[in-house]
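Here the structure is laid out as structure tokens; the discussion comes afterwards.
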Amino acid sequence: MTLLEYADGNSFFHRMDPSIKFAWAFVISFLAFAVSNVYVLGALLVAQVIMIRLLAGIPLWSLGKKSLVAFGPALFFFVLYSILYPSPKTILLDLSIVKVSAEGVLFGASVALRFPIVVLTAIVFMLTTDLKKFVVSLIQVMKIPVSIAYMEMLALRMAPLVEEEMANISDAHAVRGMDLYAKGFKKKLERYKLLLVPLFVRIVKTLGEQMAITLESRAFGAYDRMTFTEQLRPSRKDVAFLLVWVTIFAFFLVAGLGSFGEYLNYFTRGG
């Protein structure tokens, strides 16, 4: 099983309508960039972690390598902006060349917190969403054209496919005696070249042909109307959950706790 492959379960997020869940993920991600207040972003991250454990039923320890994608860049940008913040006023640490300011720490924290919020949202969506049901829900619930819904599924499916193919190529090279733990920049560059070239060929040629054959064998686009074996409808709990987060987003937007909110308040005051 790949790191981003759907894991079967019976949690609230697993039972939620995929379209509603997708809209929730969009609201959360947009909220993370709309709000610049570091304390609000911190509270949003804590709420995200709680939802992962309680509503998605995913043990936090099982995230493992997935969390590195979220917290690795976050740590980098936090350190970067803490020491390179322009025009610092409140100096916390002065090391001659490097100056750490309170403004830089707060700004770096606000930038850094956005990464785990967005990445964890995407991870939760991928782990709790059956992509086949997601496509059906997009067509039935959101009335999205079939071609667009299918392209959306392919985009989401690409990450697990790339990860799976990379593992297969690495195993094939390991069987042939390739040093997978090469040291030195030149050796690592050669190693990545041996991995990325067949990966690119595999994705573009083989997987592309398989997808084309799949579409043609199922008469994709032959009829204007499609039939489905099941009808998906969002429950009241799903809609209520989404409305709660839309309300939270609207509140922070109007309250001016971020760049979008400040921009909105500027015009509501009459400029």
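The values are calculated or read from the model by the stated rules, or taken from the named source; none is laboratory data. Computed from a predicted structure; not experimentally measured. Methodologically, a virtual Cβ is constructed for each residue, glycine included, from the backbone with ideal geometry; neighbour enumeration extends over all protein chains shown.
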Problem set entry | Residues within the stretch 4-36 that are more than 14 Å from residue 117 (Cα to Cα) and not aromatic (Phe, Trp, Tyr), tallied | 16
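Mind listing whichever residues of the stretch 132-149 are modelled with pLDDT under 80 and either closer than 20 Å to residue 24 by Cα or within 18 Å of the chain's Cα centre (by Cα) (or both)? Spell out how you get there, then give the answer.
Residues of the stretch 132-149 that are modelled with pLDDT under 80, as a first pass: 145-149.
Across the stretch 132-149, the qualifying residues are 148, 149.
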Seminar exercise, completed: Scanning the stretch 37-59 residue by residue, those surrounded by fewer than 17 Cβ atoms within 10 Å (Cβ to Cβ) and over 23 Å from residue 17 (Cα atoms) turn out to be 39, 42, 43, 46
For this session: Considering every residue within the stretch 180-188, establish whether at least one is under 16 Å from the mean Cα position of the chain (by Cα) and either surrounded by fewer than 17 Cβ atoms within 10 Å (Cβ to Cβ) or over 22 Å from residue 28 (Cα atoms) (or both).
Result: no
Exercise. Taking the stretch 123-156 on its own, how many of its residues are without any contact (Cβ under 8 Å) to a residue 60 or more places away in the chain and among the small types (Gly, Ala, Ser)?
Worked result: 2
Seminar exercise, completed: Residue set 149, 109; condition farther than 27 Å from residue 42 by Cα, assigned to a helix (DSSP H, G or I) and of a type in the set (Gly, Ala, Ser); output residue 149
For this session: Check the stretch 72-85 and report whether any residue there is in contact with a Ser or Thr (Cβ under 8 Å, 6 or more places away or on another chain) and under 26 Å from residue 16 (Cβ atoms).
Result: no
